[in-house]
Amino acid sequence: MESSEVNMSRDSSELDESARGSSSPDLALERVLSLLKSHRDRSSVSLVCKDWYNAERWSRTHVFIGNCYSVSPEIVARRFPKIRSVTLKGKPRFSDFNLVPQNWGADIHPWLVVFAAKYPFLEELRLKRMTISDESLEFLAVSFPNFKALSLLSCDGFSTDGLAIIATHCKNLTELDIQENGIDDKGGSWLSCFPESFTSLEALNFANLTSDINFDALERLVGRCKSMRVLKVNRSISLEQLQRLLVNALQLAELGTGSFSQELTFRQYEELESTLSSSKNIHTLSGLWEAKGLHLPALYPVCTHLTFLSLSYAPLQSGELAKLLAHCPQLRRLWVLDTVEDEGLEAVGSSCPLLEELRVFPADPFDEDIIHGVTEAGFVAVSYGCPRLHYVLYFCRQMTNAAVATIVQNCPDFTHFRLCIMDPGQPDYLTNEPMDEAFGAVVKTCTKLQRLSVSGLLTDLTFEYIGRYAKNLETLSVAFAGSSDWGMQCVLTGCPKLRKLEIRDCPFGNAALLSGLDKYESMRSLWMSACHVTMDGCRQLAREMPRLNVEVMKEDGSDDSEADKVYVYRSIAGPRRDAPPFVLTL
Amino acid sequence: MQGGVVIRVGSGGGSESGSMSTVSREDNMVVSSEDSSYPDESELELGLGLSLGGGFKIQQVSRGGQYARILTAKDFPSVVSADASSSPSPSSSSSSSSSSLSRANVTAGTKRSADSVAAANGSSQVVGWPPIRAYRMNSMVNQAKAVATEGFKSTMENHKNETSMLEKRTIGSYQNSGNSKLRKSLFVKVNMDGIPIGRKVDLNAHESYEKLAKTLEDMFLKNTTSVNPVGSRVREHEVARPSKLLDGSSDFVLTYEDKEGDWMLVGDVPWEYV
């Protein structure tokens with residue numbers, strides 16, 4: 001159990017701040033417990049007894065809330081008086097793929113209001129899939145004088161104006177991490193808002209913003225922030241400018257380059273190469289937009305100590321990748337585009353024996369004429385060369401059961417197996433059979449599996465396998481799969497550690513939905529869209545499980561009885577009070 | 001109830017997975033044979049007559065740069081902005097379209113409002129598929145714009161007849177060869193409203209509008225392997241009737257977008273000019 005959500009429903013009498021506990025053993029215990037960082041450990045600790053519960057809640061400084069609607073800010077503040085760092089996740093994950101309408105919710109503002117009152121010394125806020133407005137950013141900037149770290153991933157609702165306010169007011173800022181958000185990029189002047197006296201920045205990531213920024217301002221900022229260890233710039237920064245930044249930041253540990261395709265003079269290239277040679281601390285490299293084979297050799301000096309390389313915006317070909325990887329023996333994590341093809345992945349297998357994580361993104365996911373990209377052969381090649389591989393995200397257009405069986409035989413330690421065969425419902429292309437045996441092999445062999453995304457043509461058999469074997473599975477993503485309710489039932493009755501189940505376009509109906517009655521309270525959430533669930537089924541679920549929020553979003557033009565999108569989650573905060581009209585709470 | 005198919009010349013431009021909209025009741029089948037400035041370029045570029053500033057570099061991995069561009073109501077700047085946060089409709093998926101989308105397309109092309117576009121199940125089960133974050137989709141679009149092939153040349157200015165703006169070259173080629181103009185086939189991309197995965201059709205392989213319509217019917221209005229019938233609910237409404245695409249009795253209409261960004265009904269101009 002990773003968060004305190006469930007625990008908060010008990011011991012509500014303990015929430016009185018004054019009931020702290022009087023004796024010194026509690027303080028000693030607090031001291032000890034303050035060393036505990038993992039929120040799972042903390043949850044466990046809080047369940048031991050009342051004294052431990054109290055000691056834990058007074059010693060906790062970071063709270064992780066995996067579903068912002070599972071609990072209210074008031075409840076959080078009542079239980080944990082000393083929070084300095086908050087991580088909040090909002091919308092269902094499928095909102096990343098536009099399956100959740102705009103204005104759905106997950107607004108941070110009510111949280112900020114409570115935090116301003118209860119946690120005036122808040123230092124860190126990390127949000128994922130939340131909505132945050134510029135007004136909220138301003139509120140944040142002025143309410144928390146000690147504010148240090150802001151990380152926004154996959155959020156929306158704000159613009160670069162909000163960033164400007166943060167830059168202007170947060171005098172102690174150490175981290176500004178703006179990633180893959182729905183941000184209204186109005187321009188790059190926000191970066192110039194950091195005062196000249198401001199020197200505390202340690203991590204700056206604006207890689208996903210598109211506007212040009214004032215390079216002089218950036219250069220000065222980087223120059224005076226001597227503790228900066230993470231710098232990820234956006235595409236507007238050229239190679240020449242990159243060199244100028246780096247020369248004053250040789251302590252950097254993580255670098256995200258800008259555009260990697262400028263025409264350089266020989267001298268410029270040499271300077272870049274020399275500066276990169278001096279950047280001996282860089283272990284993470286990303287960006288590399290439009291990287292050309294021509295300039296990649298400049299990176300070789302950095303490659304020798306790289307552990308994480310992200311080429312997911314650099315459409316390299318196999319040869320270019322191979323040459324680059326030959327210099328990256330220490331690589332643990334690699335993200336690439338499928339332009340590298342199977343040959344490129346063979347190079348991965350041969351050059352990166354320590355590889356633990358591989359993500360292969362499609363450069364052109366929609367065009368059916370593409371006959372390139374990666375196939376099962378590339379994945380197999382990696383598995384032979386990288387036995388430590390435990391995290392994979394693989395987009396491909398063809399796969400076979402046999403290949404997957406080989407892969408997991410070579411790499412039995414998978415914890416995250418996310419395979420996306422991009423054509424929905426596609427069978428094993430050699431045998432024309434469903435891909436059931438592939439995922440069967442995965443769950444049978446990879447006993448540590450925590451996260452699984454399935455794809456291809458799948459019958460209920462896949463889910464029988466999952467339910468029977470995937471005993472450590474926590475997150476399951478299913479799309480265009482299954483034959484009947486039985487499939488989903490297998491999963492709900494079989495996977496003891498299941499926390500998140502997201503399903504779309506599957507023939508699972510009310511029987512399947514209701515078979516999880518005993519399960520949903522131990523899960524964070526269930527998402528079902530474009531399945532066969534009806535409003536009646538959802539109403540029944542809501543009736544029988546009052547501690548669950550059962551929310552339905554209907555599509556225009558669908559039948560009255562159809563429950564097009566269903567989102568079910570446990571909550572001690574009761575039904576949402578901020579639900580927009582299109583979210584029906586049953 | 002109308003469905004929509006968009007035929008585009010040019011294979012470029014991607015959208016985030018979720019900008020594909022579902023078939024709404026007002027959709028039209030749209031055939032867009034837009035003037036593409038670059039063979040592998042996003043057709044989003046067309047109406048704006050955009051130059052991508054700084055010239056075009058030969059992309060070493062040309063095929064890696066293109067995306068199928070599916071025109072949906074959400075793509076239009078008037079209803080969608082470049083980021084996911086400002087889509088106005090609560091019932092539509094948030095979408096981040098490339099900001100390069102032609103404004104001309106907005107008025108001419110859309111047959112449905114963004115509001116009516118909702119991610120229904122059934123015919124649009126591939127909304128949001130493959131599961132790639134909107135941001136990443138848009139980034140690839142932006143990269144595709146910047147690396148158009150040098151070999152391309154726009155000849156559209158010379159054409160008076162709007163239908164003859166279809167260039168006699170292979171748009172579907174993903175090889176960065178300069179001699180693409182020598183090829184005889186003329187592939188155009190066809191998109192159906194609500195289905196994000198487009199298909200390519202060789203116009204030169206068909207002798208008439210009827211033949212083209214038949215092919216399109218086969219591609220889109222029958223169950224194809226790319227569509228999982230399991231999740232399909234709305235498909236029953238779209239059962240193809242032979243040759244009905246052209247005479248108005250189908251739920252769908254074939255239209256295309258000319259170089260001026262106007263939507264035109266297929267069939268007005270003699271096939272030979274196509």
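Values as computed for the structure displayed
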| item | result |
| --- | --- |
| Backbone HN-Hα couplings from phi across the stretch A:153-170 [Karplus 6.51/-1.76/1.60, Hz, Gly and Pro as x] | 10, 6, 9, 8, x, 10, 10, 5, 4, x, 5, 4, 5, 4, 4, 6, 9, 8 |
| Long-range HN-HN contacts of residue A:504 with modeled amide H, under 5 Å | A:478, A:479, A:480, A:529 |
| Apportionment of accessible area to carbon and sulfur, the stretch A:315-357, percent (1.4 Å) | 46 percent |
| Other-chain or far-sequence residues with amide H under 5 Å of residue A:69's (modelled H) | none |
| Shielded residues, the stretch A:178-207 - accessible-area loss of 50 Å² or more between chain alone and all protein chains, probe 1.4 Å | A:180 |
| Rg and Dmax of chain A, Cα atoms only, in Å | 25.0, 73 |
| Size-normalised alpha-carbon gyration radius of the stretch A:192-301, reference 2.2 N^0.38 Å | 0.99 |
| Residue B:190 - accessible surface, heavy atoms, 1.4 Å probe, Å² rounded to 10 | 0 Å² |
| With DNA, RNA and ligands ignored, accessible area of residue A:583 (1.4 Å probe; Å², nearest 10) | 10 Å² |
| Phi to ³J(HN,Hα) by Karplus 6.51 cos²θ - 1.76 cosθ + 1.60 over the stretch A:528-534, Hz, x for Gly, Pro | 9, 10, 6, 10, 10, 7, 10 |
| Fraction of alpha-carbon pairs over 17 Å apart in the stretch A:295-392 - percent | 44 percent |
| Cleavage-rule hits (trypsin sites (Lys or Arg not before Pro)) in the stretch A:33-107: DSSP loop, at most 12 neighbouring Cβ within 10 angstrom | A:37 |
| Accessible heavy-atom area order of A:545, A:488, highest first, probe of 1.4 Å | A:545, A:488 |
| Number of partner chain Cβ atoms within 10 Å, mean per residue of A:415-425 | 4 |
| Residues of chain A: accessible area per residue with a 1.4 Å probe, Å² | 35 Å² |
| Accessible area buried, both sides summed, chains B and A with 1.4 Å probe, Å² | 5700 Å² |
| Threshold 30 Å², the stretch A:310-324 residues less accessible with all protein chains present than alone (1.4 Å probe) | A:313, A:315, A:317 |
| Interchain or long-range residues, amide H under 5 Å from residue A:433's placed H | A:428 |
| Area of residue A:39 that stays accessible when all protein chains are in place (1.4 Å probe, Å², to 10) | 40 Å² |
| Sequence of A:313, A:429 when ordered by accessible area, the most exposed leading, probe 1.4 angstrom | A:429, A:313 |
| Heavy-atom SASA rank of A:213, A:466 (probe 1.4 Å, accessible area, largest first) | A:213, A:466 |
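The values are calculated or read from the model by the stated rules, or taken from the named source; none is laboratory data. All values derive from a computational prediction rather than experimental measurement. Cβ coordinates were reconstructed from backbone atoms using ideal geometry, including for glycine residues, and neighbour counts include every protein chain displayed. Only protein heavy atoms, including side chains, enter the accessible area calculation; ligands, DNA and RNA are left aside. Shrake-Rupley method; radii C 1.70, N 1.55, O 1.52, S 1.80 Å.
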